[in-house]
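Accompanying notes for the structure given below.
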Amino acid sequence: MEHYEIEDNLPGGKRKRGSIEVICGSMFSGKTEELMRRLRRASIAKMHVEIFKPSIDTRYDEEQVVSHDRNAIDSTPVNHSNNILLMSSEVDVVGIDEAQFFDEGLVDVVQALSDQGVRVVIAGLDMDFRRRPFGPMPQLCAIADSVSKVHAICVECGRLANYSYRLSSAEQQVMLGELDEYKPLCRSCYLKHMKEGGEETPPNALF
């Protein structure tokens with residue numbers, strides 16, 4: 001799949017207007033890999049790049065953004081979205097990983113950065129394990145200049161997977177996890193597991 005990327009500069013060093021790019025999908029769909037690819041390309045082009053992630057994301061490393069394939073890139077963990085705005089002066093490109101874990105103020109922060117001429121690249125889960133919109137991701141998709149929906153592969157049938165099925169009985173929305181706690185499933189396999197477990201699909205689920 002080709003992803004639309006917005007150029008950062010005009011000829012002669014004049015900056016174009018800012019932009020917002022969102023990369024969304026289920027767990028294990030390659031969101032972070034795509035985020036890192038775009039940011040590395042910007043770095044190669046001599047752009048000033050800063051990368052942020054929520055401080056609660058400590059699965060692989062407390063500071064680096066790390067993909068499920070163990071590829072890593074340096075980042076700055078932050079507790080609140082406002083910190084991103086405060087730490088992004090003189091920056092050409094801002095990357096934000098695991099955006100679903102941020103507070104709702106992230107939407108205003110991203111809008112402000114793009115209005116200042118910054119290219120903002122965001123990666124995050126669009127839905128939680130119940131298929132409900134997750135955190136500020138719906139609003140970020142709405143204001144984005146481009147949205148790339150990426151997919152995992154269903155571990156049971158091999159179709160494209162949209163959903164992150166939780167293997168444990170925990171009900172809290174935010175729970176960091178890996179393949180021993182989540183697995184990517186297509187719609188049919190997801191609904192089959194919900195039925196087998198005697199669970200009802202939430203009335204506000206996305207279809």
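The values are calculated or read from the model by the stated rules, or taken from the named source; none is laboratory data. Computed from a prediction, not measured in an experiment: that's the story for all the values here. Reconstructed Cβ throughout: ideal geometry from the backbone, glycine too, with neighbour counts over all protein chains shown. Accessible surface areas use protein heavy atoms only, side chains included; no ligands, DNA or RNA. Shrake-Rupley method; radii C 1.70, N 1.55, O 1.52, S 1.80 Å.
Tell me yes or no: at least one residue of segment 54-62 is under 13 Å from the mean Cα position of the chain (by Cα) and at pLDDT below 95. Yes, there is a match, as at least one residue in segment 54-62 is under 13 Å from the mean Cα position of the chain (by Cα) and at pLDDT below 95. Total residues in segment 102-132 satisfying the condition of being touching an Asp or Glu at 6+ places or on another chain (Cβ under 7 Å) and surrounded by fewer than 20 Cβ atoms within 10 Å (Cβ to Cβ): the figure is 0. If the condition is being more than 11 Å from Val22 (Cβ to Cβ) and either at pLDDT below 95 or among the hydrophobic types (A, V, I, L, M, F, W, C) (or both), then segment 117-127 contributes Val118, Leu125, Met127. Of the residues making up segment 82-101, those that are part of a helix (DSSP H, G or I) and open to solvent by less than 10 Å² (accessible area, probe 1.4 Å) are Ile84, Ala99, Gln100. What residue, among those in segment 158-176 that are surrounded by fewer than 21 Cβ atoms within 10 Å (Cβ to Cβ) and modelled with pLDDT of 95 or more, is nearest to Ser114 (Cα to Cα)? So, considering only residues that are surrounded by fewer than 21 Cβ atoms within 10 Å (Cβ to Cβ) and modelled with pLDDT of 95 or more, the one nearest to Ser114 (Cα to Cα) is Leu160. Pick from segment 133-147 the residues that are under 19 Å from Arg38 (Cα atoms) and open to solvent by 70 Å² or more (accessible area, probe 1.4 Å): which of them is nearest to the chain's Cα centre (by Cα)? Here the residue is Val147. None of Val150, Val155 is of a type in the set (Val, Ile, Thr) and either on the phi > 0 side of the Ramachandran plot or open to solvent by less than 20 Å² (accessible area, probe 1.4 Å) (or both) except Val150. With the requirement that a residue be free of Cβ contacts under 8 Å to residues at least 12 places away in the same chain and touching a helix residue (DSSP H, G or I) at 6+ places or on another chain (Cβ under 9 Å), what does segment 109-163 give you? Within segment 109-163, Ala142 is the sole residue that qualifies.
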